[in-house]
Amino acid sequence: MESSFNDLGLKTVINASGKMTVLGSSILSETVSNAIKDASQDYVNIEEFIRTAGSIIADHTGAEDGCPTNSASSGMTISVAALLAKKNLVEIESIPFINHTKNEFILQAGHDINFGADIKQTIRVGGGNVKLVGAVNEVQSSHIVENIDENTAGIIYVKSHHTTQKGMVSLEETIKISEEYNIPVIVDAAAEKDLTTYINMGADVVVYSGSKALEGPTSGFICGKKHIMEACREQYKGIGRLMKVSKEGIAGLIASLNQYENLSSNPQEQKQEMEKLSNKLNQLHGLSCEISKDEAGREIYRASIKVKNNCYYTASELSEKLQNGNPAIYLRNYYANTGQLFVDPRPLKEGQIDFIIDRFYELLNKS
Ligand SMILES: *Cc1c(COP(=O)(O)O)cnc(C)c1O
């Protein structure tokens with residue numbers, strides 16, 4: 001099984017894990033990679049390009065305006081900086097320091113996630129101070145309301161499978177509070193598929209990744225209220241420069257947005273593939289396999305592999321053996337410590353399921 005990375009001495013990677021930054025996020029369609037190639041071979045006025053991208057983002061999200069970024073995390077940082085420094089050049093140049101104390105961002109304790117980096121850091125780099133409210137398994141509206149004071153600059157709401165899925169204040173309720181107290185809400189929707197709902201609900205700012213649900217290149221975007229998006233774009237004269245979005249990234253992002261409606265994912269077909277894999281793996285000693293729906297309720301069906309006590313390897317050992325092989329197979333191993341591994345069908349290429357089955361047989365048939 002060949003990979004263009006083999007020339008550099010790197011192993012072919014079979015990604016059965018998901019859209020993971022650590023594995024190179026997404027692979028691009030012909031259309032998107034051609035758009036990137038074309039952009040890479042011409043000059044453009046970047047400021048105009050960013051503004052044009054902003055209106056294309058607005059068309060796709062229903063927001064007033066938008067701003068392309070190099071990732072969702074930089075989108076968070078730039079949004080925070082924009083709310084604090086606005087379009088004031090001196091303040092833009094002073095971020096992450098700010099000459100007043102109205103820089104606190106309220107974050108529910110169950111939203112205090114690490115997506116590969118700590119979300120609190122993305123807020124601090126933009127000049128924000130994080131005020132965690134409530135407990136990791138329970139936050140009530142009063143936790144938010146009673147923490148609002150003269151220093152509150154905004155509320156950060158994380159819509160993600162990484163957050164605590166129960167006991168949190170809903171986005172609807174958060175937006176209601178924000179409107180009552182006239183405080184903006186930034187929604188981190190990095191990996192979400194739905195590009196319109198949160199804007200539609202009244203969020204001031206929503207941030208997405210370009211390389212997750214959108215299946216685009218390393219990129220991201222911010223959408224929301226016009227005056228905030230103008231301020232976001234201005235941050236490229238300050239902290240945004242450290243995270244500048246490339247012309248290739250913008251071109252790829254636009255092409256990804258334009259193809260998004262027609263992006264065919266076929267959950268039912270993927271489910272059948274996962275059933276085939278499950279049936280095969282169930283014949284192996286020490287494994288018990290079934291189909292499970294995504295824990296955050298998305299339309300994703302994964303094969304859930306329970307590694308039983310009588311298996312020759314533990315789940316963590318098995319995951320490591322698969323990663324150390326060549327090609328390297330990466331399963332979704334968040335729950336390996338509980339004896340469970342998952343196969344995510346979405347990033348798999350043609351023929352790779354059979355390869356995974358073969359590897360399991362090689363590892364477990366002999367034992
Ligand atoms: C992936 C993710 C991010 C970071 O996205 P990048 O585009 O990789 O910077 C931020 N927040 C959440 C909730 C994520 O899932």
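The C-beta contact set for segment 197-218 (first residue under 16 Å from LEU257 (Cβ atoms), second residue away from the ligand (no atom under 13 Å from the Cβ) and assigned to a strand (DSSP E or B), distance under 7 angstrom, 6+ apart or interchain) comprises ILE199/CYS223; ILE199/GLY224; VAL206/CYS223; VAL206/GLY224.
Scanning segment 293-322 for residues that are surrounded by 15 or more Cβ atoms within 10 Å (Cβ to Cβ) and either assigned to a strand (DSSP E or B) or free of Cβ contacts under 8 Å to residues at least 12 places away in the same chain (or both) gives TYR301, ARG302, ALA303, SER304, ILE305, LYS306, VAL307. If you go through segment 146-202 and pick out every residue that is of a type in the set (Phe, Trp, Tyr) and open to solvent by 30 Å² or more (accessible area, probe 1.4 Å), you end up with 1. Across segment 203-245, the qualifying residues are those that are polar (S, T, N, Q) and open to solvent by less than 40 Å² (accessible area, probe 1.4 Å), and the one among them that is farthest from the ligand (Cβ to nearest atom) is GLN235.
Checked against the criterion of being part of a helix (DSSP H, G or I) and closer than 25 Å to HIS60 by Cα, segment 142-162 has no qualifying residue. Counting only residues that are surrounded by 12 or more Cβ atoms within 10 Å (Cβ to Cβ), in a loop (DSSP other than H, G, I, E, B) and either free of Cβ contacts under 8 Å to residues at least 60 places away in the same chain or of a type in the set (D, E, K, R) (or both), segment 87-116 holds 7 of them.
Just one residue in the set SER160, SER170, SER141, SER178 is within 13 Å of the ligand (Cβ to nearest atom) and not hydrophobic (A, V, I, L, M, F, W, C); that residue is SER160. Checked against (1) closer than 15 Å to GLY210 by Cα; (2) open to solvent by 70 Å² or more (accessible area, probe 1.4 Å), HIS60 passes all but a single condition, namely (2).
The values are calculated or read from the model by the stated rules, or taken from the named source; none is laboratory data. These figures come from a predicted structure and were not determined experimentally. Neighbour counts run over all protein chains shown; Cβ positions are idealised from the backbone, glycine included. To get the accessible areas, we keep the full protein, side chains included, count just its heavy atoms, and leave off ligands, DNA and RNA. Shrake-Rupley method; radii C 1.70, N 1.55, O 1.52, S 1.80 Å.
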